[in-house]
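The values are calculated or read from the model by the stated rules, or taken from the named source; none is laboratory data. Since we're looking at a predicted model, the values are computed, not measured. All Cβ positions, glycine included, derive from the backbone under ideal geometry; neighbour counts span all protein chains shown. For accessibility, only protein heavy atoms count, side chains too; no ligands or nucleic acids. Shrake-Rupley method; radii C 1.70, N 1.55, O 1.52, S 1.80 Å.
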Amino acid sequence: MAGSSFFALLDDIATMLDDVSIMTKVALKKTAGVLGDDLALNAQQVTGVPVNRELPVVWAVAKGSFINKLILVPSALAISAFAPWLVTPLLMVGGAYLCFEGAEKLAHRFLPDSNGHHAHAERAEALKNPQVDMVAFEKDKIKGAVRTDFILSAEIIAITLGAVATGTFTEQVVVLSGIALLMTVGVYGLVAGIVKLDDLGLYLTQKASAAAKAIGAGIVRAAPVLMKTLSIVGTAAMFMVGGSILTHGIPVVAHTIEGWAAAAGTISGVGGVLQAILPTVCNALFGIVAGGLVMVVVEGVKKLFKKNKAV
């Protein structure tokens with residue numbers, strides 16, 4: 001009896017681990033877009049910090065990120081336990097914010113009077129000014145990066161919570177904690193590697209070996225391209241992930257997209273390809289429209305507050 005009970009326990013544990021593995025894979029897939037943007041955004045946040053302070057700044061932000069997770073994971077578990085009906089509204093809010101943030105990125109990129117360009121120019125001027133307090137500058141960057149991390153982490157935890165909503169409380173604890181730990185270690189480990197890529201390239205170019213010099217020169221040229229690519233991919237992923245969250249939260253839109261995909265699947269030759277990519281394209285387009293609308297509303301509210309303050 002004792003032996004059979006022991007093996008039954010092992011079977012239960014194996015089943016739970018298998019469920020946790022599946023839920024974790026689903027959660028990682030759904031949060032990949034936000035993780036990509038988190039990676040690109042945090043790598044950009046370190047831009048402008050003195051070379052010898054890049055890794056300490058990344059470490060400081062990583063510690064802040066751990067604290068964020070210590071707040072967010074228990075909060076998510078409490079919501080799941082006592083107010084599960086909040087999961088879908090929180091996901092919708094997170095999806096809308098993702099689309100809004102993506103729309104802001106596009107606005108900063110294509111609108112000449114964007115605050116994003118002004119902020120970048122002001123940062124560059126500040127670094128040229130010898131009177132700038134670099135300690136205060138560094139602290140401000142860390143605070144800003146930790147605030148950004150909190151927002152993106154909240155979105156990732158909310159998306160993960162939605163993916164594990166049908167699991168047991170133990171499975172939710174394991175998956176949420178695992179995703180939070182993996183996200184923090186993975187993202188900031190990669191950020192540390194990315195910000196030091198140019199240093200690695202420069203180090204290799206100073207070697208005697210012709211092969212090392214060539215590799216180093218390639219790394220130096222590739223580093224800014226990598227940063228730009230991460231930013232573009234992250235922005236696109238925000239619309240795809242955010243749009244997908246919003247469309248799945250609106251049954252009429254979700255059923256319409258499913259119908260279009262099914263119809264596209266009947267087209268001979270390219271039906272299978274169209275059926276696979278059409279939902280993603282539709283979700284991204286829906287995300288762009290939703291993000292633009294949210295941005296218009298936010299900008300309108302900002303202008304209204306400014307007028308009231310002026311009065």
- Query: Is the stretch 162-247 best put as rounded, prolate or oblate by its Cα gyration tensor, with a ≥ b ≥ c the root eigenvalues, rounded for a/c under 1.5, and otherwise prolate when a/b is larger than b/c, oblate when not?
  - Reply: oblate
- Note on the structure: In nanometres, the difference between 0.36 nm per residue of separation and the alpha-carbon distance of SER177 and ILE215 is 9.8 nm
- Task: At a 1.4 Å probe radius, which order do ILE179, ILE215 fall into by accessible area, largest first?
- Result: ILE215, ILE179
- Message: If packing is taken as the average number of other Cβ atoms within 10 Å across a peptide's residues, how do 273-283, 86-96 rank, most packed first?
- Response: 86-96, 273-283
- Cα-Cα over 29 Å, subset of LYS139/LYS196; LYS141/LYS228; LYS143/LYS228; LYS141/LYS207: LYS141/LYS207
- Task: Using only the Cα atoms of the stretch 240-311, build the gyration tensor, take square roots of its eigenvalues as a ≥ b ≥ c, and label the shape rounded, prolate or oblate: rounded if a/c is under 1.5, else prolate if a/b is larger than b/c, else oblate.
- Result: prolate
- Magnitude of the Cβ-charge dipole of the stretch 150-248, K/R +1 and D/E -1, about the Cα centre, nearest 20 debye? 480
- Message: For the stretch 164-210 and the stretch 49-105, what is the centre-to-centre distance using only Cα atoms, to the nearest Å?
- Response: 16
- Query: According to the square roots a ≥ b ≥ c of the eigenvalues of the Cα gyration tensor, what is the shape class of the stretch 176-311, taking rounded for a/c under 1.5, prolate for a/b larger than b/c otherwise, and oblate for the remainder?
  - Reply: oblate
